[in-house]
Amino acid sequence: MLKIDNLSKIYRVGTFGGQELHAVNQVSFEVGDCQVVSLIGESGSGKSTIGKMILGLISKSSGSIIFNGTETSSLKQDTLKEYYRNVQGVFQDPFSSYNPIFKSDRVFKLIKDEFFPSIDACEWDEKVENALKAVGLNPETVLNKFPHQLSGGQLQRLLIARALLLDIKFLVADEVISMLDASTRIDVLNLLADLKSRGLSILFITHDLCLGYYISDQSVILYKGHVLEKGVTEKIYNSPYHPYTKMLMTAVPRLDRKWEPVSIDIKAEVPNQIDGCVYYDRCPLAFDKCRQRPVLVEISKDHSAACWKLPEMIKG
Amino acid sequence: MSLQVVNLRVFYQTLRGDVHALDGATFSIADGEIMGLAGESGCGKTTLGYSLIHLTLPKKFVDGWVKLDGENLPIGDTDRMEAFRFKKVSIIPQYAMSAMNPTRKIGKMTSELLESRKVRFNDILPELKRRLDLVKLPQDVLGMYPIELSGGMKQRMVMVLSTLLNPSLLIADEVTSALDVSTQQAVSEMLVEFRDHEFVKSMIVITHDISILYQIADSILVMYAGKPAEKASTTTIINSPLHPYTRLLISSLPKVGVKYSSQRLSGIPGNPPLLLDPPAGCRFRSRCPAAFAKCSQEPPFVEVKKGHYVACWKERGIYA
């Protein structure tokens, strides 16, 4: 459904834009029909940048984003509108997604004016009610309210309902549940999982490994704009190969396992390197060859990692 | 008994009346204990933490008392608390990233901070350097501005600063939430190390992330809507909680190895009550699957087993 090929985003930074920051560097992955793919990475890994490039909110520097066979950057006006009818995003902070001056259901009205001007009001109200019920909200309690009168979970679900009204095929969910409380976040997560069975593909962007495992079919591990490992979720979580993925899996606090008593060496952040492995400075296994950029190598079906030590690891 | 809090009530003053943000907290922390304070947003955990060190408007002290090392802590009196702050009670604030003065070099700021407490910087300097080594910060940071440090380094610098005068009680408010997972582990383990080195006697770690508490805390106090719901040792809270809220909360957390297709988790229906005019009785009643007639009275926070406190009529019935 969505194919990302060698996507890069370069920002000009420093005085007079003299330096380059590779926020996303030659990232490729695919999202199939009815599939949930999670993009996992720490802050600064470029995961949100990828989401925003898919949504066309920021321009890409090179590479291609192909949706159902069409390159998205070639879309203009009518075709672009058609693209947004299929692809929508929901973001981290539900409170800042709304204009606080207007009532929150204005987001539905905007959809009607823009995409469905010919539908009559009664039919539209029914559609809105159905969409709200689909996301588990009671229309009476959420319609005609201002954003501050609703909870974060309700607002987040309203945004998903808004996306549903368009009958979208692809949703970019950028940290949608990070702001929600533990007791309500799982409901939103279940909602996304249910939507999958209605034919929706989801790009689930998160830093929380547990949430990623819960919902996704495929996972992509990002670090400083590079894909270090990608593949079937179970394989990545149960038998990670890349040293960074291994570190992530042990360092994430879990309820079923205590941390192993290793002292993690924390170093100051180093700027993204242009060549060489991005994890070189922190990697315990780094050796001379790591000054060259490793490429993604397939380990088994639907599981690949980018590390020079990979042949040794597979053997041993 | 290092810290003892009895029936502490702190309200927020608003134009529409008092918000009962903290309504009767009773607990104690032993020497050397790291107590995790967990709960959802708006449950009063940060209010409780800040009340113990800096209680200012719109917060209003209503009732209760606090004892630290057998001494009364005058938390309702901002001026008298001044003698305790930083020396006896210290805090690592939520946004440690922006806690340091950006216009001062870190060493200069530290010396000003110490002199405001009538402590000479040069007396402390050797100890300060030792502690910087301990948290793996180069000693040069004292000559740097905060902007030159990364987020994790700033966090560690603030940790060293906050504990410099060996306070009896340290309040750590969401110290790890803005950090990356690897830094998060290192910083959390340093908190434990600070306790092991006896830089601080006891600690309250406030966080919404229970899995962090499972790694570092000795005991956990779970709060709901301004009241303590359950307090017990960490393993008890995670593995055999008694309060229905704690049970539902723990079971709603996804773990690695749990997928929605094989094991579907469920959240807690409903929302916490508004604290402007809180309902009588148990505040979890409207969302509680085990609620019955007696829940319209307020359940007391009682010890049902050694070191295990619960505020629930059902649980009390079992053990009474």
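For a quick check of your reading of the filter: which trypsin sites (Lys or Arg not before Pro) in region A:167-228 sit in a DSSP loop and have no more than 15 other Cβ atoms within 10 Å?
Hits after loop and neighbour filter: A:R198.
Per the helix-only calculation at 222 nm, which mean residue ellipticity applies to chain B, given -39500 (n - 2.57) for every DSSP H run of n ≥ 4 and division by its residues, nearest 500 deg cm²/dmol?
Helices in chain B give a 222 nm mean residue ellipticity of -8000 deg cm²/dmol.
Kindly flag which residue pairs out of B:K105/B:K136; A:K47/A:K112; A:K127/A:K196 have an alpha-carbon separation exceeding 23 Å in this structure.
Details: B:K105/B:K136 19 Å; A:K47/A:K112 31 Å; A:K127/A:K196 20 Å.
Over 23 Å apart, Cα to Cα: A:K47/A:K112.
Please report, to two decimal places, log10 I(q)/I(0) for region B:1-41 at q = 0.14, 0.26, 0.33, 0.34 Å⁻¹ as given by the Debye formula with identical point scatterers on the Cα atoms and no solvent.
Listed by q, the Debye log ratios stand at -0.45, -0.95, -1.08, -1.09.
If R0 is 51 Å, what FRET efficiency do you get for B:N166 and B:T14 from their C-beta distance, rounded to 0.05?
Efficiency, rounded to the nearest 0.05: 0.85.
Compute the FRET efficiency between B:A178 and A:I58 as 1/(1 + (r/R0)^6), taking r as their Cβ-Cβ distance and R0 = 30 Å, and round to the nearest 0.05.
0.80
Excluding A:G276 itself, what net charge comes from residues whose Cβ is under 12 Å from its Cβ, given Lys and Arg +1 and Asp and Glu -1?
+1
Have a look at region A:213-228 and report residues whose accessible surface goes down by 20 Å² or more when the remaining protein chains are included, against the chain on its own, probe 1.4 Å, ligands and DNA/RNA excluded.
Those are A:Y213, A:Y214, which lose 20 Å² or more relative to the chain on its own.
Please give me, ordered by residue number, the trypsin sites (Lys or Arg not before Pro) of region B:95-193 that lie in loop per DSSP and have at most 13 other Cβ atoms within 10 Å.
For trypsin sites (Lys or Arg not before Pro) across region B:95-193 that sit outside H, G, I, E and B with at most 13 neighbouring Cβ atoms in 10 Å, the list reads B:R117, B:K118, B:R120.
Size of the dipole of region A:188-232 about the Cα centre, Lys and Arg at +1 and Asp and Glu at -1 on the beta carbon, nothing else charged, in debye to 20?
120 debye
Pop out a list of residues from region A:171-203 that are at least 40 Å² less accessible with all the protein chains around than in their chain alone; 1.4 Å probe, no ligands or nucleic acids counted.
Residues losing area: A:D181, A:A182, A:S183, A:I186, A:N190.
Within a 10 angstrom radius of each residue's Cβ in B:205-217, how many Cβ atoms of other chains show up on average? Whole number is fine. It would help to have the intermediate numbers written out before the result.
Working: counts 0, 0, 0, 2, 3, 3, 8, 2, 2, 7, 6, 3, 0.
Per residue, the number of nearby Cβ atoms from other chains is 3 on average.
Can you pull out the buried accessible area for chains A and B, both sides counted, probe 1.4 Å, rounded to the nearest 100 Å²? Before the final figure, lay out the partial values.
Values: alone 16530 and 15440 Å², together 27990 Å².
Roughly 4000 Å².
Could you point to the residue in B:V141, A:L7, A:P284 farthest towards the positive end of the protein assembly as shown's charge dipole, with +1 and -1 charges on the Cβ of Lys/Arg and Asp/Glu respectively?
Value: B:V141.
Which of the listed residues, A:S43, B:T236, A:M249, is farthest toward the dipole's positive end in the protein assembly as shown, when Lys, Arg count +1 and Asp, Glu count -1 at the beta-carbon?
It is B:T236, whose Cα lies furthest towards the positive end.
Set Lys and Arg Cβ to +1 and Asp and Glu Cβ to -1, take the dipole of region A:2-315 about its Cα centre, and tell me which of A:S73, A:I221, A:S97 lies farthest positive.
A:I221
Taking the Cα centre of region B:98-165 as the origin, how large is its charge dipole in debye, to the nearest 20, when only Lys and Arg (+1) and Asp and Glu (-1) carry charge on their Cβ atoms?
In total the dipole reaches around 80 debye.
Once the principal axes of the Cα atoms of region A:15-152 are found, what is the range along each, listed largest first in whole angstroms?
Principal-axis extents of the Cα atoms in region A:15-152, largest first: 53, 33, 33 Å.
Write down, largest first, the equivalent ellipsoid semi-axes of region A:2-315 in whole Å, where each equals the square root of 5 times an eigenvalue of the alpha-carbon gyration tensor.
37, 22, 18
Would you calculate, for chain A, the mean residue ellipticity at 222 nm contributed by helices, counting each DSSP H stretch of 4 or more residues as -39,500 (n - 2.57) and dividing by all residues, to the nearest 500?
Rounded to the nearest 500, it is -9500 deg cm²/dmol.
Using a basic spin-label model with each label point 7 Å from the Cα along Cα→Cβ, how many nm lie between B:E127 and B:T235?
Distance between the two pseudo-spin positions: 3.5 nm.
Quick one: in the protein assembly as shown, what % of C-alpha pairs are over 48 Å apart?
The calculated P(r) of the protein assembly as shown puts 18 percent of pairs beyond 48 Å.
Return the carbon/sulfur percentage of the accessible area of region A:2-315, one whole number, probe 1.4 Å, all protein chains in place.
Carbon and sulfur: 51 percent of the exposed surface of region A:2-315.
What chymotrypsin sites (Phe, Trp or Tyr not before Pro) in region B:244-313 are in a loop by DSSP, with at most 16 other Cβ atoms within 10 Å of the Cβ?
B:F292
Give, as ranges by residue number, the residues of region A:67-90 whose backbone N falls under 18 Å from the point 7 Å along Cα→Cβ of A:E123.
Nothing falls inside the zone, counting backbone N under 18 Å.
Quick check: pseudo-label points 7 Å beyond the Cα along Cα→Cβ at B:S296 and A:D302, how many nm apart are they?
5.5 nm
Excluding ligands, DNA and RNA, what is the solvent-accessible area per residue of region B:165-320 at a probe of 1.4 Å, expressed in Å²?
39 Å²
Across the residues of A:122-135, average count of Cβ atoms on other protein chains within 10 Å?
Mean inter-chain Cβ contacts per residue within 10 Å come to 0.
Give the cross-link partners of B:K67 among the lysines, using a straight C-alpha distance below 30 Å as the criterion and excluding same-chain residues fewer than 8 apart.
B:K45, B:K59, B:K87, B:K88, B:K118, B:K201, B:K227, B:K231, B:K305, B:K306
Rg(Cα) of region B:98-165 divided by 2.2 N^0.38 Å?
Ratio of Rg to 2.2 N^0.38 Å for region B:98-165: 1.00.
Just to confirm my numbers, what's the Cα centroid distance between region B:210-249 and region B:91-145 in Å?
Region B:210-249 and region B:91-145 have Cα centres separated by 34 Å.
With the solvent-accessible surface defined on protein heavy atoms using a 1.4 Å probe, which residues belonging to region B:134-163 display a reduction of at least 40 Å² in accessible area in the multichain context relative to the isolated chain?
B:K136
Taking N as the number of residues in chain B, what is its Cα Rg relative to 2.2 N^0.38 Å?
Working: Rg = 20.5 Å, N = 320, 2.2 N^0.38 = 19.7 Å.
Output field value: 1.04.
Would you work out the charge dipole size for the protein assembly as shown about its Cα centre, treating the Cβ of every Lys and Arg as +1 and the Cβ of every Asp and Glu as -1, and quote it to the nearest 20 debye?
Values: 75 positive and 70 negative charges, 79 e Å.
In total the dipole reaches around 380 debye.
Rg/Rh for region B:119-213 to two decimals, with Rh computed the Kirkwood way over all alpha-carbon pairs.
That ratio is 0.95, to two decimals.
Go through A:K230/B:K154; A:K52/B:K154; A:K301/B:K255 and tell me which ones have a Cα-Cα distance over 28 Å in this structure.
The pairs that break the limit, which is 28 Å between Cα atoms, are A:K230/B:K154; A:K52/B:K154.
With a 1.4 Å probe and every protein chain left in place, work out the accessible area per residue of chain A in Å², rounded to a whole number.
Here the per-residue accessible area is 46 Å².
Counting only protein heavy atoms, what percent of the accessible surface of region B:140-188 is carbon or sulfur at a 1.4 Å probe?
C and S atoms contribute 47 percent here.
Output the relative contact order of region B:97-185, whole-number percent, from Cα pairs under 8 angstrom with separation of 6+ residues.
Working: 59 pairs, mean separation 29.3, N = 89.
The normalised contact order for region B:97-185 reaches 33 percent.
The values are calculated or read from the model by the stated rules, or taken from the named source; none is laboratory data. None of the values given here were measured: they were computed from a predicted structure. Positions of Cβ are backbone-derived with ideal geometry, glycine not excepted, and every protein chain shown enters the neighbour counts. Remember, those area values only see protein heavy atoms, side chains included, never the ligands or the DNA or RNA. Shrake-Rupley method; radii C 1.70, N 1.55, O 1.52, S 1.80 Å.
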